[in-house]
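Shown next, in structure tokens, is the structure this report addresses.
The values are calculated or read from the model by the stated rules, or taken from the named source; none is laboratory data. Computed from a predicted model, the values in this text were never measured in an experiment. All Cβ positions, even for glycine, are placed from backbone atoms using ideal geometry, and neighbour counts span all protein chains on display. Just the protein is used for accessible areas: all its heavy atoms, side chains included, with ligands, DNA and RNA removed. Shrake-Rupley method; radii C 1.70, N 1.55, O 1.52, S 1.80 Å.
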Amino acid sequence: MSQGPESYLDDSKQLTDDSTFCFSCTPEKKCFTRCCYDINLVLMPYDILRLKNRLGMKSGDFLKKYTSVHVGFGSGLPVVVLKMDGPYLKCPFLEEGKGCTVYDARPGACRTYPLARMAKRSKDSETVEEFYYIVREPDCHGFRDGKEWTVREWKENEGIDEYNEMNDIFGELLQAKTESGIETLNADQIDIFYMGCYDIDSFRENFLEGPNLERYMEDPEVIELISKDEKELLKYGMRWVKKKLFQGGCLACAGSCSTEK
Ligand code: SF4
Ligand code: SF4
């Protein structure tokens, strides 16, 4: 499930929901958990939310303990990567002989493998077009004697849809950055991006609990919703970053207020 150039993406065929492929990953396979070593696992905002809750941690503590952050060479945006452990670069959540210890909260990329998702949102449309490619890691035995799946069945089985929904909101933010023509962010802007997308507990403290003027401008029903539901808070955080950094305003006023860019 590696995500770098070492990935073996078979882009000869685009798969849609009704397309089929054969795959089985079971503890009996010789390669079991081998794919949980030495991977460049980039964490999306929703991956972080699920993992930190699974581990009973605040997002800031989770990020400090388990991740490293760099500014993406092409994007100029902060990228969060899961730190691997020890000389063999083991995923910190893998327990030898047991498997993944955060299985119910494993990242979207771990769920989606052996598929890779490509998603595109047209500028004027609210809908996202998606298709999938197969990723054929050479050491993965999952393709041998595999069970037949449709892409739709795989997505249901692995619980991928809610990750895709959240990743698409993150995608809107990245698209807004591209459309804004802004190439680099200053340190304060990077902090805003990091807090609204990745460090959701700090965003809560800052936006919902601190003396924040933008909160008072927001609809009370929205404030109630995001106070009660952390997934909604993260959606709000990502849209807040988009508006603040790339669309010249604050989310609460919905228009172009004079918030500093
Ligand atoms: S079958 Fe593939 S995905 Fe499953 S454990 Fe083996 S290498 Fe990993
Ligand atoms: S999170 Fe779980 S499935 Fe994903 S790489 Fe780590 S141990 Fe493997």
| task | Kindly establish whether R111 is within 13 Å of ligand 1 (Cβ to nearest atom) and open to solvent by less than 30 Å² (accessible area, probe 1.4 Å). | result | yes
| Can you tell me how many residues in segment 5-30 are open to solvent by 20 Å² or more (accessible area, probe 1.4 Å), within 16 Å of ligand 2 (Cβ to nearest atom) and within 23 Å of K98 (Cα to Cα)? | 5
| note | Expected output for segment 137-157 (first residue assigned by TED's automatic domain parsing to the domain that holds D18, partner part of a helix (DSSP H, G or I) and more than 16 Å from ligand 2 (Cβ to nearest atom), Cβ below 8 Å, 6+ apart or cross-chain) is K155/D161; K155/N164
| What is the one condition in (1) more than 30 Å from T127 (Cβ to Cβ); (2) more than 16 Å from ligand 1 (Cβ to nearest atom) that E137 does not satisfy? | (2)
| said: Between a residue in segment 97-110 that is not assigned by TED's automatic domain parsing to the domain that holds E28 and any residue that is at pLDDT 95 or above and within 15 Å of ligand 1 (Cβ to nearest atom), which pairs come within a Cβ distance under 6 Å, given they are 6 or more apart or on different chains? | reply: none
| request: For G72, work out the one condition from (1) at pLDDT 95 or above; (2) in contact with a strand residue (DSSP E or B) (Cβ under 8 Å, 6 or more places away or on another chain) it doesn't fulfil. | output: (1)
| message | Tell me whether segment 141-163 contains one or more residues that are of a type in the set (A, V, I, L, M), under 19 Å from A252 (Cβ atoms) and surrounded by 14 or more Cβ atoms within 10 Å (Cβ to Cβ). | response | no
| request: Please go through segment 94-105 and pick out each residue that is within 14 Å of ligand 1 (Cβ to nearest atom) and open to solvent by less than 20 Å² (accessible area, probe 1.4 Å). | output: L94, G99
